[in-house]
Amino acid sequence: MIDRSKARHRRSREAGRWSGGVIPYGFRPVKAADGKGLVLEQHPEEARAVREAADRILCGASWGAVTRWLNSAEGHPPRKAKAWSTTTVRKILTGGPQAGYLVKTVNGKKRPVVDANGDVVRVPAILTPDESATIRAMVDEAAELRLQGRGRSFSGHLTGGRRSNRWLSGVATCASCGRLLAFSQTHNGGRGMYFCRHNADGGCPQPPYVASARLDAHVEAEFLRMFGDQPEYVKRREVSGAAEIAAAEEAVTAAIGALSEAATPEAFKALQDAQARREAAVNAPRVMHERVIETGRTMREVWESTRENPEARQDLLRANFAAIIVRRSAPDNHGSKAWDPRRVVMVANAPVVVGHTEHIYRHGAVVVDPELEHAA
Ligand SMILES: [Zn+2]
């Protein structure tokens, strides 16, 4: 027996209409064009946030970095919670609605909503099927790495999730003990200082101290000297064929849905076709590959754009330097804590050659001229 509300629910789904419930993030209900009922359309600000968060993930940003961005003034707040968490961000970016279809939970499993014809009910997708499939593959890959007990990201390990408004804390390390430098505003006569928290008893024989303005200025000048005039590149991850698997799985679900509504020979045929399509898609070779894209900005512009955003600046430094190490004193000046640029060692990441071009690419960010590198 189907009661009235259930029938109404069903009819509205059949027409691709919104039948109530929780509105998925990135969407809002509006009156249907024909004036009958509601349909979902993209919520401009929320959809833009989803779109840009996905772009950042696809270009190699960490979930932590994207979550911080969403929580910043540039991002967009969640509906009810005070702030985004990496879990909720992951949920949104791998969600069905953002990829263009509604889901409902059946026996604890999320299933696409289908209409009486077995067709998946569509909403205006924010992400393309390939983007959505790539992000899911990345989440699966990360989960697998966690299971294997490795794959903690370098940056995640370094910062331990701590926030800092001084961009070199969380990046620069102590030459003596290898641990991250801390920042204190009250030291150095209130002008701020980076220092190692540890002493000889704590495993650090030569803890460095440096005025924050000195170290900030030096690292900035070095970064701009090495990379400033280079174009910015980003890496974008893609999975070939992943979208087809996702689409075929949807088709199978849809066919099963249709079959449960009416067990006609056509419905059986549709299910067989969908299963064959899924098998072909699963057996097709699948490759996760990275594309390097020029953004049109110089690294100097990128650097300037992070002036008010210490976390983005930290990400930029981590993408381009394996380490920024601070010594207590200059090599030939033992004991003196006076400022000397030789106290700072900046280890640039090794350039990586990608594809058959004349350029040499650097992980995550920038093209490097090897001549310049040797001169440094
Ligand atoms: Zn130390």
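The table below lists the values:
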read-out: Segment 164-181: number of residues that are within 10 Å of the ligand (Cβ to nearest atom) and under 27 Å from the mean Cα position of the chain (by Cα); value: 4
read-out: Index of the failed condition, Asp201 passing every other in (1) touching a strand residue (DSSP E or B) at 6+ places or on another chain (Cβ under 9 Å); (2) at pLDDT below 90; (3) farther than 21 Å from Phe321 by Cβ; (4) more than 8 Å from the ligand (Cβ to nearest atom); value: (1)
read-out: Tabulated pairs, segment 194-216, first within 16 Å of Ala338 (Cα to Cα) and without any contact (Cβ under 8 Å) to a residue 24 or more places away in the chain, second of a type in the set (Gly, Ala, Ser) and more than 12 Å from the ligand (Cβ to nearest atom), C-beta under 9 angstrom, 6+ apart or interchain; value: Phe195/Ser184; Ala213/Gly192
read-out: Residue in segment 94-107 that is without any contact (Cβ under 8 Å) to a residue 60 or more places away in the chain and under 17 Å from the mean Cα position of the chain (by Cα) present; value: yes
read-out: Segments classed as strands (runs of 3 or more DSSP E), wholly inside segment 192-303, with at least 3 members that are loosely packed, with under 15 Cβ neighbours inside 10 Å; value: 288-298
read-out: Selection from segment 172-187 of residues that are touching a residue at least 12 places away in the same chain (Cβ under 8 Å) and in contact with a Phe, Trp or Tyr (Cβ under 8 Å, 6 or more places away or on another chain); value: Ala172, Leu181, Ala182, Phe183, His187
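The values are calculated or read from the model by the stated rules, or taken from the named source; none is laboratory data. Only a predicted model underlies this, so the values are computations on that prediction, with no experimental measurement involved. All Cβ positions, glycine included, derive from the backbone under ideal geometry; neighbour counts span all protein chains shown.
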